[in-house]
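See below for the structure under consideration.
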Amino acid sequence: MLTNTAAADAEVSTEKRNELSFIDQIRSYARHPGSGILAALTGLAAAATFAMLLFLIVYILVKGIPYLTPSLFSLEYTSENVSLMPSLVNTLIMTVVSLVIAAPLGIFAAIFLVEYAGKGNKLVGLIRITAETLSGIPSIVYGLFGMLFFVTTLKWGMSLLAGACTLVIMVLPLIMRTSEEALKAVPDSYREASFGLGAGKLRTIFTIVLPSAVPGILAGIILAIGRIIGETAALLYTAGTVAAVPENLMGSGRTLALHMYVLSSEGLHMNQASATAVVIMIFVLIINGLSGMAAKRIAKG
């Protein structure tokens with residue numbers, strides 16, 4: 001009985017504190033109208049962003065779900081079924097190959113910049129400026145570079161490998177910058193405690209710093225995956241638009257985004273293009289969910 005009474009009193013006191021804090025906040029906004037206006041604008045921007053996202057998701061689902069037919073998931077593409085399965089397989093291959101190359105390079109580059117390069121190092125400044133410059137280059141420029149270098153100069157031809165290497169250059173700055181910020185967010189006390197226990201620098205990085213920075217690093221990788229899956233311009237000039245799964249990485253093949261682009265540009269299969277958009281969205285949501293679960297499990301471990 002006493003326990004129930006104490007719990008009820010605690011709930012009442014918590015409600016009173018919340019009411020008082022809300023009232024104090026209102027009084028603060030009354031004393032400083034500018035802060036109230038900024039708070040209202042922030043809330044309005046958040047609501048508008050959420051509404052746009054919700055509208056986009058609902059619109060894609062309404063337009064595409066009715067046309068998710070079994071023929072759209074046939075193993076082989078024909079002009080009648082316009083199957084997306086070969087493009088789905090190519091998207092998986094392209095994503096895995098690109099991340100296998102880009103993720104280690106980006107993470108190790110971030111480790112060098114944060115843990116080994118000294119502050120005020122000119123090389124560090126040059127690398128950061130280069131990464132920021134690469135982030136702002138349009139994807140069509142990457143596509144032209146990939147066509148001239150990987151396709152023509154290296155004579156790889158239109159292939160998944162040429163497309164993957166082009167995407168590596170595109171997402172590498174993103175992974176590197178997000179990993180760098182995640183490593184910077186790890187408190188220095190973690191490093192000092194590890195050094196105090198006798199651990200070396202390399203061991204401290206891989207056993208203390210990196211596990212603590214995993215959620216931030218995975219956030220950058222998730223953004224990179226989204227860019228890889230949604231890319232069309234760069235792959236149009238490097239991977240090609242063949243609607244089949246190649247025998248190896250040197251073969252040409254289209255991804256889901258390219259598949260949707262080709263269908264919509266032809267103007268003959270707009271309904272199937274809308275259904276492909278649904279598959280792309282579900283594909284991205286599944287990858288994001290799995291990455292989030294992995295980040296939580298690693299952080300708890």
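Things to note:
- Region 77-96: number of residues that are open to solvent by 30 Å² or more (accessible area, probe 1.4 Å) and over 22 Å from Met270 (Cβ atoms): 4
- In region 181-198, the condition of being buried (at least 19 other Cβ atoms within 10 Å of the Cβ), among the acidic types (Asp, Glu) and assigned to a helix (DSSP H, G or I) is met by no residue.
- Count of residues meeting criterion [open to solvent by 30 Å² or more (accessible area, probe 1.4 Å) and hydrophobic (A, V, I, L, M, F, W, C)] in region 222-240: 3
- Condition met for Ala193 (out of contact with any Ser or Thr (no Cβ under 7 Å at 6 or more places or on another chain), over 30 Å from Leu84 (Cβ atoms) and at pLDDT 90 or above): no
- Filtering region 132-165 to residues that are polar (S, T, N, Q) and more than 21 Å from Pro104 (Cβ to Cβ) leaves Thr133, Ser139, Thr152, Thr153, Ser159.
- Residue within region 75-82 that is closer than 25 Å to Leu161 by Cα and part of a helix (DSSP H, G or I) present: no
- Whichever residue in region 138-168 is part of a loop (DSSP other than H, G, I, E, B) and of a type in the set (Gly, Ala, Ser) and, among such residues, is surrounded by the most Cβ atoms within 10 Å (Cβ to Cβ): Ser159
- Filtered residue count, region 238-255, keeping only those that are more than 18 Å from Val168 (Cβ to Cβ) and among the aliphatic types (A, V, I, L, M): 4
- Criterion: farther than 30 Å from Ile208 by Cβ, out of contact with any Leu (no Cβ under 8 Å at 6 or more places or on another chain) and at pLDDT below 90 - qualifying residue of Leu126, Leu56, Leu113: Leu56
- Flag for Ala46 being in a helix (DSSP H, G or I) and either out of contact with any Phe, Trp or Tyr (no Cβ under 9 Å at 6 or more places or on another chain) or modelled with pLDDT of 85 or more (or both): yes
- Residue that is of a type in the set (Val, Ile, Thr) and under 19 Å from Ile205 (Cβ atoms), where the choices are Val114, Val151, Val168, Val141: Val114
- Selection of region 255-278 for residues being open to solvent by 20 Å² or more (accessible area, probe 1.4 Å) and more than 21 Å from Leu167 (Cα to Cα) yields Ser264, Ser265, Glu266, Gly267, Leu268, His269, Met270, Asn271, Gln272, Ser274.
- Filter result for Ser252 (open to solvent by 20 Å² or more (accessible area, probe 1.4 Å), closer than 24 Å to Met85 by Cα and either of a type outside the set (Lys, Arg) or at pLDDT below 90 (or both)): yes
- Test: residue in region 104-121 that is open to solvent by 60 Å² or more (accessible area, probe 1.4 Å) and touching a helix residue (DSSP H, G or I) at 6+ places or on another chain (Cβ under 7 Å): yes
- Boolean, Met176 is under 17 Å from Tyr237 (Cα atoms) and either in a helix (DSSP H, G or I) or open to solvent by 50 Å² or more (accessible area, probe 1.4 Å) (or both): no
The values are calculated or read from the model by the stated rules, or taken from the named source; none is laboratory data. As the structure is a computational prediction, the values presented were derived from the model and not from experiment. With ideal geometry, Cβ positions are generated from the backbone for all residues, glycine too; neighbour counts draw on all protein chains shown. SASA here: full protein model, heavy atoms, side chains in, ligands and nucleic acids out. Shrake-Rupley method; radii C 1.70, N 1.55, O 1.52, S 1.80 Å.
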